[in-house]
Amino acid sequence: MTALLAASGVSVAFSGIRALNDVTLRVDAGERVGLIGPNGAGKTTLFNCLLGILQPDSGRVMLNGADVGGWPVHRRARAGMGRTFQRVELFSDTTVREHLLIAERIRNGSGALWKDLIGRGRPRPTEIAACDEVLELLGIDGLADQPVESLSLGQSRLVEVGRALMTGPQVLLLDEPSSGLDRDETQALADTLRAVQESRGYAVLLVEHDVSLVADFTERVYVLDSGSLIAEGPTAEVLADPAVRRAYLGSFEVS
Amino acid sequence: MTGSADFFEDLFRGLLQGTPPGAVYALIALGFVLTYKTSGVFNLAFGAQAYISAAMYFKAHTLWGWPKWAALVVSAFVLAPLIGLVLERLIFRHLRTASAVSKLVVAIGLSVALPELFNQAARFTAVAGRQITGIMPDGSSVFYDPFGVYRFNRDELAMMAVALVATLLLAALFRFTMIGLAMRAVVESPRMTEMSGINADRVSAFAWALSSTFAGLAGVLIAPRFNSLVSTDFFTLVVIAVAAAAVGKLVSLPRALLGGLGLGWFIAVFNTFLPRWSGDHTWLRPFQENLTPSLPFVVLFAILVLWRAIGREREASDPLSGVDPPPPALAALERHPKLTLFTRLFGVGFVAVVGSVVWFRAGVLWMHLVTTAVIMAVIYLSVTVITGMAGQISLCQGTFAAIGGFTIFQMADRFNMSVLAAALLGAGVAAAVGAVLSLPVLRLGGVWLAIATLAFAFFFDAVMVKFSWVGGGTTALLTGTRVPRPLIGPIDFASDRAFLVLAVVVLVIVSIIVIQLREGTVGRTLTALRGSEVAAASIGISAARARIIAFAVSAAIAGLGGALLSMHQQNVNYSTNFGPVNALFWLVIVVALGARTVEGAIQAGAAFALFEPLILKGDLLVWILRGEDHLPGLFPLSGSWRLVLFGMMAIQFARHPEGLVEHGKRRSAARINRWLEAREGAAS
């Protein structure tokens, strides 16, 4: 079976320093996969290679069996890769619903100038309903008309998830969703993410620092250390592995 | 053999000749880089500052008869740093975390306002057609010829000496003093520097004073090279400095120095050899005639477009800027239905009253002015699209408008084409030029995009307009670029009244187009890009595609408006209407009054055409007071106050990107909303 998203033999060097060394990873349809590792392990570099923000020096990135190596970010997004950001990236001067509508419009009618001119560019009621449905799923339907500047960090993360969902992703890449959140907020976010993933059925690749969230949320996990994969497998097993614990200097506990 | 000896002698002469202006370019480029490094401000107002010092020097020395040293001290070492300090303290200190683009707009506003503010305050009028004296006694008439190749005059020697001393002092400052070290730290991160106990405000104030002194010196030194003393010459000077600074990617002082000198040499050598080659090869002649004055702009454009590294250079921003509070959100967009109804009724009523007054009461002059206002509103809608919607600063909207004007001129003149068809064609040509222009500059983004458009506008101004298939060539110099009014069946738009109707119809159509785009997918895409480019890409938006569309649409609207303006004046009047410096004022007036909305563009059009006669000349007051006799002696005010006023208003762009008037409207709308809601709450 071809993987939904696969990286094979990806290597990246920054001015001579190996940031990623022959990393291979796969995410299958509907799966929840984690990618963990200490600071500087190369998680973000790998993430950027998958999304097309960074070109690897060698190795391939495949999406649904197609080599997406030369594709720019937006083309990969259209092919089914959604993402969220560690440092929240929202569109200023817009409301929450407007955020989702933008994504919905991009998916449906990509920037057709003449359609706008004859008045076909405005969001249709069905599109607005689709946005509201996602907002309800995420439990933020009450915020639909709020400007995004007024949201808390946790709420902003959910808006990012909602925006990504509107593109109809096959795989959603979550970049450190717990950063900046406290334990309760992280727990609430994890519950929502799981509920939404189960109802929509897309695959998730979670890049995360907070091991408890990874343990709670993912089925399978990859561990990066100093640019190389040091472990992979079912989450519970990998997290119990002494080598993995050593990489983290025993700084976490698995409940 | 003699040929090659001549060649080297000429080359040497060219290099010598290019050194004095190159030294001044280097001086201003150094100051430019210094400001950019320490405060992230791409200070296009540097030209204005240089102008003020040059004008102050002229005033003190030539008009008041002060000795040269006293005039120099006051203009370059007192006034120039003082202006720098005031700008830093009152404006740029508060904008430290603002985006580079909004700081650029602030600087553009200043470059429009400052020269006129000085002219008004010091009762100075532009000087034309006379030699401006430099800082040396007999500066232009005593020569030295050290190599037997080129004779330097004293002013030129002074230029080189001053630039050399200034550079050495700057190097010593960075190397040996505490403040120099602190300046280097502030460049990295003002916040971080403050945490280590250095007062970043003081350092940045010092940097501003220093760089402004450089600008002032450069202004005083370069003034004798122009045969006039007008602010636009000095604006060109700052564009040259930008080209020199771009060689060092805006951050390297030594490279900026080399860039300035190199540019001086390149221009001089080019001027030496091109006339000779074009003597042998006649096809080079139009280039020789046209290219020479615009060489710096061509160099700047080439650097921006061809040097791939420059686009990758991220704008200077503080790594800790995230810890500062984000800018305040725009006022609420939601309006109470009653308020919406009221504002609509008010709008319709206002238009009806003004329309009927104009229609029934206005004489020829006022009819003409109102028509100009309507047409300028059309042109300003192009700024609404590119700046308000796409968030990009384009400084070549005047060029796009000129393309529209020249297209109808050429089509009507050569092929006797219907002018309305030609106007649509002109919009199409402008759109094509806009799209083609956007291709190489797209990857630049932000400040560099703005500068590339500025370089393009100057290039068009200096080269393209002179071609007979664009600006009409020498025949047009004699007969003007005449454009007829349109004629549709029985309706002859030669009548001013009929033409006003046509202009209004075009304005309504273009307004509807802009609203449709804003509410449609194109507008949403651009909103997303303006908000966050990475996030926009993550949902499948192609920034390149969206920006090409925005540029093309904006250029088309400007082209259509330019065509209309040319029909209105029955002449293209390129330099009064569409010159590159005029287009700066367009940007300023639109962002001052509201770049995000159609009303903003209409207000800006009205302000452009009517503010001067109604307010500054006092006609509105005359009408209110019922008679000119009651008019206070203050009136009529000079028309240049509008440059000062709108330039100052544009400074607010960094805090209110929606425009001051729009901001005020939203705030009062929010207040009325609250009041209405409270009243309803009380009633129920």
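How many residues does segment A:8-38 hold that are within 29 Å of A:Asp191 (Cβ to Cβ) and in contact (Cβ under 8 Å) with a residue 60 or more places away in the chain?
Residues meeting the conditions: 13.
Between a first residue in segment B:519-531 that is closer than 17 Å to A:Val96 by Cα and a second residue that is of a type in the set (S, T, N, Q) and surrounded by fewer than 24 Cβ atoms within 10 Å (Cβ to Cβ), which pairs have beta carbons less than 7 Å apart while being 6 or more apart in sequence or on different chains?
Going by the 7 Å Cβ cut-off, the qualifying pairs are B:Thr527/A:Thr94; B:Gly531/A:Ser92; B:Gly531/A:Thr94.
Of everything in segment B:63-81, what is touching a residue at least 24 places away in the same chain (Cβ under 8 Å), within 25 Å of B:Val644 (Cβ to Cβ) and open to solvent by 30 Å² or more (accessible area, probe 1.4 Å)? Give them in sequence order.
Within segment B:63-81, B:Leu79 is the sole residue that qualifies.
Can you name every residue in segment A:104-121 that is under 23 Å from the mean Cα position of the chain (by Cα), over 12 Å from B:Arg524 (Cα atoms) and within 8 Å of chain B (Cβ to nearest Cβ)?
Answer for segment A:104-121, where residues must be under 23 Å from the mean Cα position of the chain (by Cα), over 12 Å from B:Arg524 (Cα atoms) and within 8 Å of chain B (Cβ to nearest Cβ): just A:Arg107.
Can you pull out the helices (runs of 4 or more DSSP H) entirely within segment B:563-655 that have at least 1 residues that are small (Gly, Ala, Ser), out of contact with any Gly (no Cβ under 8 Å at 6 or more places or on another chain) and open to solvent by 50 Å² or more (accessible area, probe 1.4 Å)?
Filter on segment B:563-655 gives B:574-578.
Could you say which residue among B:Leu369, B:Leu365 is open to solvent by 40 Å² or more (accessible area, probe 1.4 Å) and either in a helix (DSSP H, G or I) or assigned by TED's automatic domain parsing to the domain that holds B:Gly562 (or both)? Let's see the steps before the verdict.
Details: B:Leu369 fails: open to solvent by 40 Å² or more (accessible area, probe 1.4 Å).
From the options B:Leu369, B:Leu365, the qualifying one is B:Leu365.
In segment B:88-103, how many residues are under 18 Å from the mean Cα position of the chain (by Cα) and either buried (at least 23 other Cβ atoms within 10 Å of the Cβ) or modelled with pLDDT of 90 or more (or both)?
The number of residues fulfilling the criteria is 1.
Which members of segment A:122-149 meet the condition of being without any contact (Cβ under 8 Å) to a residue 12 or more places away in the chain and more than 7 Å from chain B (Cβ to nearest Cβ)? Quick ask: steps written out before the conclusion?
Within segment A:122-149, the first condition is being without any contact (Cβ under 8 Å) to a residue 12 or more places away in the chain, and the residues that meet it are A:122, A:124-126, A:129, A:133, A:136, A:141-142.
Once the filter is applied, which keeps residues that are without any contact (Cβ under 8 Å) to a residue 12 or more places away in the chain and more than 7 Å from chain B (Cβ to nearest Cβ), segment A:122-149 yields A:Arg124, A:Pro125, A:Thr126, A:Ala129, A:Glu133, A:Glu136, A:Asp141, A:Gly142.
Looking at the structure I just gave you, is B:Phe467 buried (at least 21 other Cβ atoms within 10 Å of the Cβ) and under 24 Å from B:Gly404 (Cβ atoms)?
Details: buried (at least 21 other Cβ atoms within 10 Å of the Cβ): no; under 24 Å from B:Gly404 (Cβ atoms): yes.
Here the answer is no, as B:Phe467 does not meet what is asked.
Given the residues B:Ala107, B:Ala121, B:Ala128, which is the only one that is under 23 Å from the mean Cα position of the chain (by Cα), surrounded by 14 or more Cβ atoms within 10 Å (Cβ to Cβ) and of a type outside the set (D, E, K, R)?
Criteria check complete, one pass: B:Ala107.
Given the condition in contact with a Gly (Cβ under 6 Å, 6 or more places away or on another chain) and within 16 Å of B:Ala302 (Cβ to Cβ), answer yes or no: does some residue in segment B:443-465 qualify?
Yes.
Only residues that are hydroxyl-bearing (Ser, Thr, Tyr), in contact (Cβ under 8 Å) with a residue 40 or more places away in the chain and either in contact with a strand residue (DSSP E or B) (Cβ under 8 Å, 6 or more places away or on another chain) or within 15 Å of A:Val88 (Cβ to Cβ) (or both): list them for segment A:168-192, please. Full working, then the answer.
Residues of segment A:168-192 that are hydroxyl-bearing (Ser, Thr, Tyr), as a first pass: A:178-179, A:186, A:192.
Pick out the ones that are also in contact (Cβ under 8 Å) with a residue 40 or more places away in the chain and you get A:179, A:192.
Correct list: A:Ser179 only.
Any residue at all in segment B:474-486 that is open to solvent by 20 Å² or more (accessible area, probe 1.4 Å), touching a helix residue (DSSP H, G or I) at 6+ places or on another chain (Cβ under 6 Å) and of a type in the set (D, E, K, R)?
The answer is yes; a qualifying residue exists.
Among the residues of segment A:18-30, is any at positive phi, touching a Phe, Trp or Tyr at 6+ places or on another chain (Cβ under 7 Å) and open to solvent by less than 20 Å² (accessible area, probe 1.4 Å)?
no
Anything in segment B:137-160 that is under 21 Å from B:Gly22 (Cβ atoms) and touching a residue at least 24 places away in the same chain (Cβ under 8 Å)? List them, or say none.
B:Gly139, B:Ser140, B:Phe147, B:Val149, B:Tyr150, B:Phe152, B:Asp155, B:Glu156, B:Leu157, B:Ala158, B:Met159, B:Met160 - these are the residues of segment B:137-160 that are under 21 Å from B:Gly22 (Cβ atoms) and touching a residue at least 24 places away in the same chain (Cβ under 8 Å).
Can you tell me which residue in segment A:195-212 is surrounded by the most Cβ atoms within 10 Å (Cβ to Cβ), limited to those that are modelled with pLDDT under 90 and touching a strand residue (DSSP E or B) at 6+ places or on another chain (Cβ under 8 Å)?
My answer is A:Glu208.
Taking the criterion of being assigned to a loop (DSSP other than H, G, I, E, B) and open to solvent by less than 50 Å² (accessible area, probe 1.4 Å), would at least one residue in segment A:126-136 satisfy it?
no
At least 1 residues that are touching a Gly at 6+ places or on another chain (Cβ under 6 Å) in each: list the helices (runs of 4 or more DSSP H) lying fully within segment B:1-99 that qualify.
B:2-39, B:46-58, B:80-90
Residue by residue through segment B:526-562, note down the ones that are open to solvent by less than 10 Å² (accessible area, probe 1.4 Å), outside any helix (DSSP H, G or I) and in contact with a helix residue (DSSP H, G or I) (Cβ under 8 Å, 6 or more places away or on another chain).
The answer is B:Ile539, B:Gly540, B:Ile541.
So A:Ser199 clears everything in (1) within 14 Å of chain B (Cβ to nearest Cβ); (2) out of contact with any Ser or Thr (no Cβ under 6 Å at 6 or more places or on another chain) except one condition, right? Which one?
(1)
Out of segment A:7-16, which residues are within 16 Å of A:Leu224 (Cα to Cα) and either under 18 Å from the mean Cα position of the chain (by Cα) or modelled with pLDDT under 85 (or both)?
Of everything in segment A:7-16, just one residue is within 16 Å of A:Leu224 (Cα to Cα) and either under 18 Å from the mean Cα position of the chain (by Cα) or modelled with pLDDT under 85 (or both), namely A:Ala7.
Please determine, by comparing only the residues of segment B:243-263 that are touching a Pro at 6+ places or on another chain (Cβ under 9 Å) and over 23 Å from B:Asn153 (Cα atoms), which one is surrounded by the fewest Cβ atoms within 10 Å (Cβ to Cβ).
B:Gly248
For B:Phe92, state whether it is among the aromatic types (Phe, Trp, Tyr), within 30 Å of B:Met192 (Cβ to Cβ) and in contact with a helix residue (DSSP H, G or I) (Cβ under 6 Å, 6 or more places away or on another chain).
In short, yes.
Look at segment B:502-523 and say how many of its residues are open to solvent by 20 Å² or more (accessible area, probe 1.4 Å) and either among the acidic types (Asp, Glu) or within 7 Å of another protein chain (Cβ to nearest Cβ) (or both).
Adding up the residues that qualify gives 3.
When you look at B:Val41, is it under 27 Å from B:Leu164 (Cα atoms), surrounded by fewer than 24 Cβ atoms within 10 Å (Cβ to Cβ) and among the β-branched types (Val, Ile, Thr), yes or no?
No, not satisfied.
How many residues are more than 8 Å from chain B (Cβ to nearest Cβ), small (Gly, Ala, Ser) and touching a residue at least 12 places away in the same chain (Cβ under 8 Å) when one looks only at segment A:51-103?
8
Residue under question is B:Arg497, and the condition is that it be open to solvent by 20 Å² or more (accessible area, probe 1.4 Å) and within 8 Å of chain A (Cβ to nearest Cβ); does it hold? If you could, list the steps in order and put the result at the bottom.
Working: open to solvent by 20 Å² or more (accessible area, probe 1.4 Å): yes; within 8 Å of chain A (Cβ to nearest Cβ): no.
The answer is no for B:Arg497.
The values are calculated or read from the model by the stated rules, or taken from the named source; none is laboratory data. Being a predicted model, the structure only gives us computed values, none of them experimental. With ideal geometry, Cβ positions are generated from the backbone for all residues, glycine too; neighbour counts draw on all protein chains shown. The accessibility values were calculated without ligands, DNA or RNA, using every heavy atom of the protein model including side chains. Shrake-Rupley method; radii C 1.70, N 1.55, O 1.52, S 1.80 Å.
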